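Remarks on the structure that follows.
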Amino acid sequence: MSLSGRDIISVRDFSRSEIETVMEAAGRMLADAPHDLLSGRLMASLFFEPSTRTRLSFETAMHRLGGRVVSVSGSEGTSLLKGESLSDTISVVAGYCDCIVLRHPVEGASRLAADLVGIPIINAGDGAHEHPTQTFLDLFTIFNACRTLDGLQIGFLGDLKYGRTVHSLAHAMMSFKSRLRFVAPPSLQLPDDLAGELQEGGVEFDRTTSVEEVLPELDILYCTRIQKERFGDEAEYTRMKGIYHIDAKLLQRTRVKPSLRIMHPLPRVDELNPDVDQTEHALYIQQAHNGVPTRMALLGLVLGGI
Amino acid sequence: MAAEKMRKREVSAIKDGTVIDHIDGKATFKVAALLKADSREHTVLVGANLSSRKIGRKGIIKIENTELTPDEVNRIALAAPDATLSIIKDYAVVMKRRIELPDVIEGIVKCFNPSCVSNHEKIQTRFIVVGRDPIRLRCYHCDRYETGDEIIL
Ligand SMILES: [Zn+2]
């Protein structure tokens with residue numbers, strides 16, 4: 001299946017077989033990357049707000065495939081944000097390069113950009129909306145660890161109300177037949193809108209407050225951090241941030257499967273004890289590393305190299 | 001039948017133009033405002049709070065010598081989804097249909113998400129109609145849902 005010329009705005013736009021195409025390509029990139037696949041191709045990375053990790057990961061991916069990069073970031077990016085309309089910037093830059101990686105604080109910015117120009121637009125985060133390459137790397141991390149995205153039990157833990165990563169990943173799992181378990185205090189549970197969509201999509205899922213109850217059944221536990229800026233009240237945040245705490249002792253006590261793998265988009269706060277790092281369950285460092293092969297796969301696919 | 005004739009007379013007949021009937025009772029003046037009833041070229045007759053066997057209380061709006069644009073029809077469809085539209089020529093109804101929402105609405109609805117790109121760049125808004133009863137729209141740009149009264153015209 002060819003994804004040549006495609007924009008990557010939201011994982012919603014990708015069918016099951018297209019997601020599988022990305023998974024297989026990422027697997028090949030992880031094993032043995034073709035170093036001159038994109039030689040002669042130019043990627044522009046336009047970061048209108050800072051996100052050092054994401055930008056480094058994209059630029060590394062492009063360089064590893066033999067491509068070149070021009071970029072706008074830091075104060076240059078933020079001043080561009082004030083200076084001219086996004087539409088004008090995108091239209092001009094599209095004439096310089098073969099694809100644009102766009103990070104912008106406004107929701108839907110990438111969708112707008114993709115409608116304006118013919119070259120592929122890759123959304124590297126548009127406000128609270130989507131960050132599809134993060135979702136693809138999460139999917140790939142599960143796929144690479146479990147060799148499938150079907151028939152799994154995947155737990156989501158922490159801030160499920162505001163967590164964009166969780167929403168996008170849960171939405172993407174609608175294409176697959178796995179059971180999703182959402183663990184959060186009631187005030188941070190998965191929004192009803194999304195739960196309704198999952199239900200309509202025939203996804204098997206439940207919402208609970210007890211992590212002990214679901215842990216023994218899980219193949220994947222996806223932890224997220226509870227963010228301070230979501231709370232107006234300091235006391236409420238202090239109460240919530242420590243509500244779940246995954247450590248080696250808990251994993252032992254609840255008799256988790258030996259094959260359980262724990263993911264976390266990092267950085268972590270209190271929810272995941274560093275003593276888990278030493279166990280076979282830790283997958284989050286690999287998850288962070290998977291950003292580069294996943295983005296290599298996406299760049300290779302949309303720029304037509306593979 | 002007699003009652004029907006009585007009601008017709010509550011708002012004078014027009015010779016040529018458009019009649020919007022079966023407007024949800026509470027939406028009559030909203031529709032009138034959407035059609036800019038008080039600043040149009042031709043006469044507009046508005047009947048409000050009329051009794052209707054089908055919907056309890058209804059409104060009716062008659063506009064002389066005018067056919068509505070598709071844009072205007074879409075506006076009405078959002079405010080009064082059960083309304084009907086009749087074209088009148090020489091006092092006779094030459095066409096009557098229910099107003100229907102298209103699958104995609106462009107340029108009429110405002111996205112209530114202040115962080116949406118449609119509120120930052122000079123572009124047309126675009127909404128996908130995902131539900132019709134009640135009306136539920138999804139913003140093409142930011143994917144936020146708007147339902148019923150949340151919809152800003
Ligand atoms: Zn919007």
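Under 24 Å from the mean Cα position of the chain (by Cα), without any contact (Cβ under 8 Å) to a residue 60 or more places away in the chain and open to solvent by 20 Å² or more (accessible area, probe 1.4 Å) - does that describe any residue in region A:91-109? Scanning region A:91-109 turns up at least one residue that is under 24 Å from the mean Cα position of the chain (by Cα), without any contact (Cβ under 8 Å) to a residue 60 or more places away in the chain and open to solvent by 20 Å² or more (accessible area, probe 1.4 Å).
Inside region A:241-268, can you point out the residues that are assigned to a helix (DSSP H, G or I), more than 16 Å from residue A:156 (Cα to Cα) and open to solvent by less than 20 Å² (accessible area, probe 1.4 Å)?
The one that is assigned to a helix (DSSP H, G or I), more than 16 Å from residue A:156 (Cα to Cα) and open to solvent by less than 20 Å² (accessible area, probe 1.4 Å): A:250.
Determine, yes or no, whether residue A:295 is of a type in the set (Lys, Arg), under 23 Å from residue A:52 (Cα atoms) and in contact with a Ser or Thr (Cβ under 9 Å, 6 or more places away or on another chain). Considered against the rule, which asks whether it is of a type in the set (Lys, Arg), under 23 Å from residue A:52 (Cα atoms) and in contact with a Ser or Thr (Cβ under 9 Å, 6 or more places away or on another chain), residue A:295 comes out as yes. Considering region B:88-119, the residues that are within 10 Å of the ligand (Cβ to nearest atom) and open to solvent by 40 Å² or more (accessible area, probe 1.4 Å) include one that is farthest from residue B:44 (Cα to Cα), namely B:115.
Counting only residues that are at pLDDT 95 or above and over 19 Å from residue B:145 (Cα atoms), region A:185-203 holds 2 of them. How many of the residues making up region B:1-43 are modelled with pLDDT of 90 or more, hydroxyl-bearing (Ser, Thr, Tyr) and surrounded by fewer than 12 Cβ atoms within 10 Å (Cβ to Cβ)? Summing the residues that are modelled with pLDDT of 90 or more, hydroxyl-bearing (Ser, Thr, Tyr) and surrounded by fewer than 12 Cβ atoms within 10 Å (Cβ to Cβ) in region B:1-43 gives 1.
Within region A:110-127, count every residue that is of a type in the set (D, E, K, R) and crowded, with 20+ Cβ neighbours inside 10 Å. Qualifying residue count for the region: 2.
Tally the residues that are in a loop (DSSP other than H, G, I, E, B), open to solvent by less than 30 Å² (accessible area, probe 1.4 Å) and within 9 Å of the ligand (Cβ to nearest atom), restricting the search to region B:124-153.
Within region B:124-153, residues that are in a loop (DSSP other than H, G, I, E, B), open to solvent by less than 30 Å² (accessible area, probe 1.4 Å) and within 9 Å of the ligand (Cβ to nearest atom) number 4.
Quick one: is residue A:74 of a type outside the set (S, T, N, Q) and within 14 Å of another protein chain (Cβ to nearest Cβ)? No: the conditions fail for residue A:74. Just one of the listed residues (A:81, A:116, A:102) is at pLDDT below 95 and either within 16 Å of the ligand (Cβ to nearest atom) or within 14 Å of chain B (Cβ to nearest Cβ) (or both), and it is A:81. Filtered by the rule that a residue be open to solvent by 50 Å² or more (accessible area, probe 1.4 Å) and not in a helix (DSSP H, G or I), region A:206-221 gives A:207, A:209.
The values are calculated or read from the model by the stated rules, or taken from the named source; none is laboratory data. Just so you know, these numbers come straight off a predicted model, no measurement behind them. Note that we place each Cβ from the backbone using ideal geometry, even for glycine, and neighbour counts take in every protein chain shown. In case anyone asks, the SASA skips ligands and DNA or RNA and just uses the protein heavy atoms, side chains included. Shrake-Rupley method; radii C 1.70, N 1.55, O 1.52, S 1.80 Å.
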